[in-house]
Amino acid sequence: MNSEICKILKNKNLSDDFYLLKIENNFKEVFLPGNFIHIKIEGVFLRRPFSVAIYTKKFIGIIYKKIGLGTEILSKKRKGESLNILGPCGNSFPIFENKKVALISGGTGIAPLIFLSSELKKRKNKIYFFYGARNKKLIFSEILPSGIDYIFSTDDGSFGQKGNIFDIFKTYKDDYEIIYAAGPEQLLKKVSLYSSKKPVYISLENYMACGMGLCYGCVVKIKEEGDGKYKRVCKDGPIFEGEKIIWE
Amino acid sequence: MGIEKLRIKLGHIELKTPIIMASGTFGYGLEKINFIDYKKIGAITTKTITYYPWEGNPQPRIYETYSGMINSIGLQNPGVFYFIKNILPKIRKKFNKIFVSISGRTENEFIQLIKIMNKEKIDALELNLSCPNFEKEQKMISQSSDLTYKIVKKIKNETSIPLIAKLSPNVTNIKEIAIAAEEAGIDMISVINTVKGLCVDLKKMKIIDGGLSGGCIKPIGLKCVYDIYKVVKIPIIGIGGIIKGTDAIEYFLVGASAIGIGSGLFTNSQIIDEVIKSLINFLNKTKSKNLKEITGLLNEKKGKNR
Ligand SMILES: Cc1cc2nc3c(=O)[nH]c(=O)nc-3n(C[C@H](O)[C@H](O)[C@H](O)COP(=O)(O)OP(=O)(O)OC[C@H]3O[C@@H](n4cnc5c(N)ncnc54)[C@H](O)[C@@H]3O)c2cc1C
Ligand SMILES: Cc1cc2nc3c(=O)[nH]c(=O)nc-3n(C[C@H](O)[C@H](O)[C@H](O)COP(=O)(O)O)c2cc1C
């Protein structure tokens with residue numbers, strides 16, 4: 001992990017409270033799907049973690065939702081301004097070859113799964129991408145990789161099927177070998193408890209402080225011998241096997 | 001560069017720089033962090049180690065506030081035996097000077113820990129006297145000068161490893177506590193541990209009851225160092241809210257002989273470099289030969305022989 005000053009190349013409102021931020025990639029370290037960056041935003045004390053959604057040699061892209069003071073300040077940053085970024089942070093999604101896989105995304109969970117899907121594609125996996133959002137405006141088709149089967153759902157039925165993405169997912173024939181999920185905790189919990197016969201990998205979003213594995217603030221309880229053990233989401237995660245999580 | 005000017009002596013311990021990584025905010029120093037220049041770190045203080053493994057507190061453990069954060073980690077650690085076998089050897093490979101922070105829930109637990117640590121090559125033991133869970137009554141040792149005296153005295157009799165007392169700012173009169181520790185034979189004092197505080201998470205409808213750290217507690221830390229310097233002769237490690245380089249200078253001027261960096265690293269990744277730079281600049285500007293010359297410069301009790 002390193003700390004770099006990166007220029008903002010683009011900070012664009014996608015719709016409603018969602019934004020796409022592109023920054024120069026000044027890191028010599030390689031980023032993998034599931035990794036996040038920890039952004040210093042002047043005006044708030046702690047850094048803010050965001051999953052990497054788009055990754056090239058030239059730039060790094062994140063998709064974020066404005067929910068509080070930090071993201072509010074971030075949304076006002078303009079092209080040409082600089083940000084102090086820590087990265088790559090955390091572990092990454094295990095990636096296999098030639099598998100049939102399902103990706104399930106709700107809300108901002110789309111971010112890590114976009115990066116993941118482009119890597120899965122390179123490794124010749126057959127991908128079914130379940131993408132749920134509140135409404136049509138929050139389906140960001142323009143940034144989705146091509147050559148993948150998407151199944152969309154919206155809460156109001158304005159795009160794709162109407163309903164919760166997990167309910168839609170369950171109506172499909174489940175012969176996937178691996179499931180990946182990101183988004184609201186409720187969704188991750190449901191996906192994790194859904195199947196123990198195949199690996200389910202989820203991306204957790206706990207409140208965190210250091211983002212470097214130093215402070216043990218962001219821990220989640222993982223099944224181990226005894227009563228389980230607290231593991232750090234920022235270092236041992238954010239990607240965990242769903243069935244190992246002890247949901248509090 | 002002038003970094004040799006920043007060499008200090010804490011009692012008999014020689015440090016290349018006065019920067020000490022504070023307990024619990026740097027783990028065991030083993031994470032691979034490329035932007036840190038480890039040569040600039042004088043010593044690492046480990047996360048507090050206890051005799052038995054501690055699982056730590058359930059979530060929520062952290063919450064942000066204005067220029068700071070609350071934590072309620074609860075001393076999550078794998079216990080002293082695991083620490084010595086699996087962690088300490090790795091720390092030794094990476095750090096020149098190692099301060100091991102320990103805490104006990106009873107006097108006996110402290111003594112057991114000391115007996116085990118006596119066999120290890122470490123540079124100092126930091127007694128975390130600011131945990132709110134001593135004995136059945138859940139006391140905090142450093143909130144009582146009698147208890148502080150008693151525990152430090154007992155430990156001092158058991159070991160020749162230099163001892164640091166880490167004190168809580170949550171007391172009526174910090175001077176009394178520092179004096180008690182000094183009289184009992186402590187070698188150094190580090191202040192401050194976190195300040196008791198509480199945050200309310202309106203989104204999750206939960207409270208986070210814990211310890212406040214970060215920029216917002218700097219004036220409290222400075223005041224404690226200032227007061228303690230007036231009444232003891234032993235060196236003081238100033239900790240609390242050092243989030244930019246010049247904050248460290250302030251600690252020296254009121255009486256610190258070294259400084260601890262805690263959550264400042266979370267908000268400012270360049271903090272170590274900044275502190276080094278600020279201190280060198282300040283020494284040069286004031287034509288001071290070393291940090292000892294500026295320790296306590298703005299304290300009414302400056303010039304004591306320490
Ligand atoms: C590994 C990881 C990846 C993430 N990826 C994304 C992403 O790709 N897109 C996106 O929009 N969001 C993502 N989040 C959530 C994002 O970090 C928070 O929405 C953001 O920190 C909110 O900051 P704020 O100041 O606007 O909100 P506030 O509520 O004012 O923040 C107060 C504190 O709570 C923390 N916090 C608040 N909400 C969350 C949350 N949902 N998760 C974690 N911490 C939170 C903040 O970091 C801050 O410390 C991710 C979180 C983690 C841990
Ligand atoms: C997440 C976190 C964990 C901490 N854990 C310990 C600990 O285990 N033992 C200890 O003596 N102090 C602990 N502290 C206190 C720090 O060492 C330091 O005294 C305090 O944070 C004030 O300094 P700061 O404002 O620079 O962070 C912890 C602080 C934080 C933020």
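Tabulated results
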| item | result |
| --- | --- |
| Cleavage-rule hits (chymotrypsin sites (Phe, Trp or Tyr not before Pro)) in the range B:25-117: DSSP loop, at most 11 neighbouring Cβ within 10 angstrom | B:Y66 |
| Members of the range B:56-71 that become less accessible by 10 Å² or more once partner protein chains are added (1.4 angstrom probe, chain alone as reference) | B:P58, B:Q59, B:R61, B:I62, B:Y63, B:E64, B:S67, B:G68, B:M69 |
| GluC sites (Glu not before Pro) within the range A:40-146, DSSP loop, no more than 12 other Cβ atoms inside 10 Å | A:E42, A:E81, A:E97 |
| Cα centroid of the range A:98-140 to Cα centroid of the range B:16-57, whole Å | 39 Å |
| Table column - 3J(HN,Hα) (Hz), the range A:86-97, Karplus curve with 6.51, -1.76, 1.60, x for Gly and Pro | 9, x, x, 9, x, 8, 9, 5, x, 10, 10, 10 |
| Rounded accessible area of A:K136 (nearest 10 Å², 1.4 Å probe) | 120 Å² |
| FRET efficiency, 1/(1 + (r/R0)^6) with R0 35 Å, evaluated for B:E176 and B:E31 via beta carbons | 0.35 |
| Value in Å of the Kirkwood radius, where chain A supplies the Cα pairs that are averaged | 18.3 Å |
| In nm, spacing of pseudo-spin labels at A:T56 and B:E183 (7 Å Cα→C-beta vector) | 7.2 nm |
| Distribution of pairwise C-alpha distances over the range A:138-248, 5 Å bins, in % | 2, 11, 17, 19, 18, 13, 11, 6, 2, 0 |
| Neighbour net charge for B:F35 - beta-carbon separation under 14 angstrom, K R +1, D E -1 | 0 |
| Mean separation of Cα contacts under 8 Å, 6 or more apart, over the residue count of chain B: relative contact order % | 18 percent |
| Intensity falloff of the range B:170-255 expressed as log10 I(q)/I(0), Debye formula with alpha-carbon point scatterers, at q = 0.12, 0.16 Å⁻¹ | -0.41, -0.66 |
| Two-decimal Rg to Rh for the protein assembly as shown - Kirkwood Rh, Cα set | 1.02 |
| Kirkwood-based shape ratio for the range A:2-89, expressed as Rg/Rh from alpha carbons | 0.92 |
| Interface size B-A, as summed buried accessible area [1.4 Å probe, Å², nearest 100] | 2900 Å² |
| Amide proton proximity set for A:K10, modelled H, under 5 Å, gap of 5+ | A:K22 |
| Accessible surface, the protein assembly as shown, averaged per residue in Å² (probe 1.4 Å) | 42 Å² |
| Alpha-carbon Debye profile of chain B, log10 I(q)/I(0) at 0.08, 0.10, 0.16 Å⁻¹ | -0.31, -0.50, -1.40 |
| Electrostatic dipole magnitude of the range A:93-204 [Cβ: Lys, Arg +1; Asp, Glu -1; Cα centre; debye, to 20] | 200 debye |
| Accessible area of B:E14 in the full protein assembly, 1.4 Å probe (Å², nearest 10) | 110 Å² |
| Antiparallel content of DSSP bridges confined to the range A:45-186, in %, to 5 | 10 percent |
| Computed helical MRE - 222 nm, chain A, DSSP H runs ≥ 4 contributing -39500 (n - 2.57), nearest 500 | -4000 deg cm²/dmol |
| Spread of Cα-to-Cα distances over 5 Å intervals beginning at zero, given as percent, for the range A:93-204 | 2, 13, 26, 26, 21, 9, 2, 0 |
| Dipole magnitude of the protein assembly as shown about its Cα centre (Cβ charges: Lys, Arg +1; Asp, Glu -1), debye to nearest 20 | 1320 debye |
| Residue range of chain A that is longest and free of chymotrypsin sites (Phe, Trp or Tyr not before Pro) which are both DSSP loop and sparsely packed (at most 15 other C-beta within 10 Å) | A:1-95 |
| Most to least accessible of A:V219, A:V30, B:V231 (protein chains only, probe 1.4 Å) | A:V30, B:V231, A:V219 |
| Solvent-accessible area lost in complex, 30 Å² minimum, residues of the range A:198-222 relative to chain alone, 1.4 Å | A:Y207, A:A209, A:M212, A:L214, A:C215, A:Y216, A:G217, A:V219 |
| Computed [θ] at 222 nm, helices only, for chain B once each DSSP H run of length n ≥ 4 contributes -39500 (n - 2.57) | -8500 deg cm²/dmol |
| Pairwise Cα inverse-distance average, inverted: Kirkwood Rh of the range A:206-248 (Å) | 10.4 Å |
| Drop in accessible area of at least 50 Å² in the complex versus isolated chain, residues of the range B:236-268, 1.4 Å probe | B:F266, B:T267 |
| DSSP beta bridges in the range B:46-159 [antiparallel fraction, %, rounded to 5] | 55 percent |
| Accessible surface of A:C234 - all protein chains present, 1.4 Å probe, nearest 10 Å² | 0 Å² |
| Accessible-area composition of the protein assembly as shown, carbon plus sulfur, in percent [1.4 Å probe] | 52 percent |
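The values are calculated or read from the model by the stated rules, or taken from the named source; none is laboratory data. This structure is a prediction, so every number in the text was calculated from the model and none was measured. We place every Cβ from the backbone using ideal geometry, glycine too, and count neighbours over all the protein chains shown. Note: accessible area is taken over every heavy atom of the protein model, side chains too, but ligands, DNA and RNA are not part of it. Shrake-Rupley method; radii C 1.70, N 1.55, O 1.52, S 1.80 Å.
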